[in-house]
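These notes are about the structure you will find just below.
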Amino acid sequence: MIIEPRMRGFICLTAHPDGCAQNVKNQIEYVKSKGAINGPKKVLVIGASTGFGLASRITAAYGSGASTIGVFFEKAPSAGKTASPGWYNSAAFEKEAHAAGIYAKSINGDAFSKEIKAKTIELIKADLGQVDLVIYSLASPVRKHPDTEVLHRSTLKPIGATYTNKTVDFHTGNVTEISIEQATEEDIANTVAVMGGEDWAMWIDALKAENLLAEGATTIAYSYIGPALTEPVYRKGTIGRAKDDLEATAFTITDKLKDINGKAYVSVNKALVTQASSAIPVIPLYISLLYKIMKEEGIHEGTIEQIQRLYAERLYTGGDVPVDEKGRIRIDDWEMREDVQAKVAKLWEEATTETLPVIGDLPGYRSDFLSLFGFEIDKVDYQKEADELVEIEGLVE
């Protein structure tokens, strides 16, 4: 079938299997071009199908030749209906990895559940024995708690006061003002339950109980801080509370891993176009201004560039891992440079529907958004019929 992007608000309802495959190949080629990393050999990636999780899997496999197990929750294709992009990404990654003689298997299901944890544990026991790196990169808006069975939904709200600022509809380029009502205590608790560190700790506890973490094992979760501009709605809002909890959990996990000389880190990454960030008011406008500046400065990075730099220049240098005063790895260092943020703040004041085409990079934002779903990727013929019924070779049923 001919597959075209079908938009509904901040969501693309279709995904292109050939575009997703080319996107994965591009990321693989980038990692290979940067040379070998003396890194992990057996890796579990929880949230492995898109964004930072996918980039982490690709970097481990093609930077360090690592065997990888990926856990994700994606929609399979059916006749006349495309899969979710993460399904096609994972299918493409496994196809490439297997052709290169690199071990790769995947589990599709709710990573918050006891069942998926148990299935993953059995697969590690059977195939890898132990893992030396666990990446935790879940980005779900909903979590069914495995013990209470309560369904928690995260919200994106400020705490303490209503927040009003500019935002942009990245489809139309219209810059408008938006107000977001302040969070309730229930909103905060639910967001922490979904996006905080509890499930990360549960995964590590389950793996350690079965002696599946190698001596000196590392585990990484991903976070974001951002500028003062987005603070009220992000870092000082409900999501910020969840990120605080996630970052505190790194210290708790490190204490639990002392007997195997293991370590847990949170890596603070750069603002990037993701399905999640596209739905956050204010963020698309901030990113479009940020991209313009970082591209002009020659310091713009996409997801794969960020993660390859994390592995090569932070985690696996042979020395101590550099962290900030709160124990976090900072790969957002180029975004947060004082000169970059000063320029963003100045452009923010100037941003209107009329000025944004000149001062911002909305076309770059749109292109990055569509590429998440396999569209607007070079070397892909979108006029050609594509087979939507793609299977993941190493999917464990």
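Some points to look at:
- Most to least packed among 239-249, 289-299 [average Cβ atoms within 10 Å]: 239-249, 289-299
- When THR355, THR317, THR238 are compared by accessible area at a 1.4 angstrom probe, the order from most to least is THR317, THR355, THR238.
- Anisotropy class of segment 136-193 from Cα gyration tensor, a/c 1.5 cut: oblate
- For ALA264, the residues whose amide H sits under 5 Å from its own are THR219, THR254, ignoring neighbours fewer than 5 places away on the same chain, with H placed 1.01 Å from N.
- Ranking by accessible area, most exposed first, for THR172, THR353 with a 1.4 Å probe: THR172, THR353
- In segment 132-208, the GluC sites (Glu not before Pro) that fall in loop regions by DSSP, at most 15 other Cβ within 10 Å: GLU149, GLU181
- At the residue level, ASP378 shows approximately 130 square angstrom of accessible surface with a 1.4 angstrom probe and all protein chains present.
- Accessible area of SER67 in the full protein assembly, 1.4 Å probe (Å², nearest 10): 30
- Ranking TYR365, PRO141, GLY47 by Cα position along the charge dipole of the chain, where only Lys, Arg, Asp and Glu carry charges on their C-beta atoms, puts GLY47 farthest toward the positive end.
- The label point for GLU354 and the one for SER113, both projected 7 Å from the Cα toward the Cβ, are 5.5 nm apart.
- Among HIS16, ALA104, THR120 - extreme Cα towards positive end, dipole of segment 1-146, charges at beta-carbon: THR120
- Taking a straight Cα-Cα cut-off under 28 Å and skipping sequence neighbours fewer than 8 places away in the same chain, the lysines within cross-link reach of LYS114 are LYS41, LYS42, LYS75, LYS105, LYS125, LYS144, LYS208, LYS243, LYS256, LYS258, LYS263.
- Magnitude of the charge dipole, the chain, Cβ model with Lys/Arg +1 and Asp/Glu -1, debye to 20: 360
- In order along segment 172-179, the Karplus-derived 3J(HN,Hα) couplings, from 6.51 cos²θ - 1.76 cosθ + 1.60 at θ = phi - 60°, round to 9, x, 6, 9, 9, 9, 9, 10 Hz, and Gly and Pro are given as x.
- D_trans [Stokes-Einstein, Kirkwood Rh over alpha-carbon pairs] for segment 27-167, 25 °C, 0.890 mPa s, µm² s⁻¹: 147
The values are calculated or read from the model by the stated rules, or taken from the named source; none is laboratory data. As the structure is a computational prediction, the values presented were derived from the model and not from experiment. All Cβ positions, glycine included, derive from the backbone under ideal geometry; neighbour counts span all protein chains shown. Surface areas here come from the heavy atoms of the whole protein model, side chains and all, with no ligands, DNA or RNA. Shrake-Rupley method; radii C 1.70, N 1.55, O 1.52, S 1.80 Å.
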